[in-house]
């Protein structure tokens, strides 16, 4: 089931079909990128720059009020008065980022850096956008550029860990998360994300400890709630797992991974009619989630509708062949259709990937 989201970055192999481990991204809605929000533009020397400074400060006020479009308007006015106003570009980028305009934010951060190549906060903010848009290597490059300034920031180390996870650099990610928690043991995002990393390494006890700490600090941390659901599902406690993912959904009601995870748990609890609309909505919101396609396949399998089940499993395979137990289920569907050779090939692939159920089926049915 579970999407241990790092929104966001998505780990591939987890128990059952609970999508990816949800990693709560420490987005730059925290302290570091707000440093510029309170800056005063103190070098004004004429009326034009005075006007730019006033618009900039008005933009900051709107940004703090979460009136992002108004903030963007004021920052744009500041830039029209002073075209080399790097601070305004950076803060407008932040407003655009919060307004879900990733491309616009990236352009503004880049322009701020062009105007001031030593603008460390703009590098930090750009690293956020690069990671969210899939350029983990670019994110790491920006973060490394400002390491001297931010190495003792817990937020910086968390973000660095997130980027290394996307690059499948487990050892470096571990170092960064450990450092983030040395700097601030109460960093909920770092605890949640390190738990996800532990889980992918099958260090389930350590993952559970971090998740419990995160939830003690913030009982409404949706990523940690979702991840706790994963650990419970892995132990077969599906009913209790359902309560945790439902709590995550109260915080993020339309989060596609959470919707899929709830659907999976409902299937395990023999409630398929309730599961189907949830997995369909999850796929509507994120059609590229292989785990949700597998959940859909499991629904059809539970209804003895084998051709659509197999089609859903094959779509999951196309998107991400590493989905846990995928080849076991493909084999089961192929076997039901009397396609024994195809079933054996699926179980062989599952066995090669380390799936115990596939190994057992291959040994029993494919001698």
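Rounded if a/c is under 1.5, else prolate if a/b is larger than b/c, else oblate: which is the range 82-145, with a ≥ b ≥ c the root eigenvalues of its Cα gyration tensor? Here the range 82-145 falls in the oblate category.
State, as an integer percentage, the relative contact order of the range 203-242 based on alpha-carbon contacts under 8 Å between residues 6 or more apart. Intermediate values should be presented prior to the final figure.
Numbers: 24 pairs, mean separation 12.3, N = 40.
Over the range 203-242, the number comes to 31 percent.
Between residue 235 and residue 168, the modelled label-to-label distance comes to 3.2 nm, taking each label 7 Å out from Cα in the direction of the beta carbon. Can you tell me the FRET efficiency between residue 285 and residue 319 if r is taken as the Cβ-Cβ distance and R0 is 22 Å, rounded to the nearest 0.05? With a Förster radius of 22 Å, E is 0.90. Roughly speaking, what is the centre-to-centre gap between the range 297-339 and the range 120-161 when only Cα atoms are used, to the nearest Å? First find each Cα centre; the distance between them is then 40 Å.
What do you get when you divide the Cα radius of gyration of the range 230-367 by 2.2 N^0.38 Å, with N the number of residues? Intermediate results must be reported in sequence, preceding the final value.
Numbers: Rg = 15.0 Å, N = 138, 2.2 N^0.38 = 14.3 Å.
Here the Cα radius of gyration is 1.05 times the empirical estimate.
This structure gives Rg and Dmax of the Cα atoms in Å, computed directly, and of (i) 25.1, 78; (ii) 23.4, 86; (iii) 26.3, 97 that value is listed as (ii). Contact order, relative form, for the range 110-197: 21 percent (alpha carbon pairs under 8 Å, 6 or more residues apart, mean separation divided by residue count).
Taking label points 7 Å from Cα along the Cα-to-Cβ direction, residue 83 and residue 186 give a separation of 4.8 nm. Reducing the range 182-213 and the range 279-296 to their Cα centroids gives an inter-centroid distance of 27 Å.
So what is the relative contact order for the chain, in percent, with contacts set as C-alpha pairs under 8 Å and at least six apart?
Working: 637 pairs, mean separation 54.3, N = 367.
Reported relative contact order: 15 percent.
Over the range 65-189, the fraction of Cα-Cα pairs per 5 Å bin, rounded to whole percents and listed from the shortest bin up, is 2, 13, 20, 20, 18, 14, 9, 4, 1, 0. Residues considered: 92, 216, 166. Largest GNM mean-square fluctuation over the chain, using C-alpha springs under 10 Å, is found at 216.
Using just the helices of the chain, give the 222 nm mean residue ellipticity in deg cm²/dmol: DSSP H runs with n ≥ 4 each add -39,500 (n - 2.57), and the total is spread over all residues, rounded to 500. Write out the running numbers ahead of the final one.
Details: 20 runs with 255 residues, N = 367.
Result for the chain: -22000 deg cm²/dmol, rounded to the nearest 500.
Mind running the shape call on the range 328-367? Use the C-alpha gyration tensor, a ≥ b ≥ c as the square roots of the eigenvalues: rounded below 1.5 for a/c, prolate if a/b tops b/c, oblate otherwise. Mind showing how you got there, number by number?
Details: a/c = 1.97, a/b = 1.56, b/c = 1.26.
It comes out prolate by the Cα gyration axes.
Rounded, prolate or oblate for the range 245-286? Axes are the square roots of the Cα gyration tensor eigenvalues, ordered a ≥ b ≥ c, and the cut-off for rounded is a/c under 1.5. Please list the in-between numbers first.
Values: a/c = 2.41, a/b = 1.29, b/c = 1.88.
The shape class here is oblate.
The numbers here are math on the coordinates, done by the rules we state, and not lab data. From a predicted model like this one, the values you see are computed outputs, not experimental measurements. Quick reminder, even Gly has a Cβ in these numbers, built from the backbone with ideal geometry, and neighbours come from all protein chains shown.
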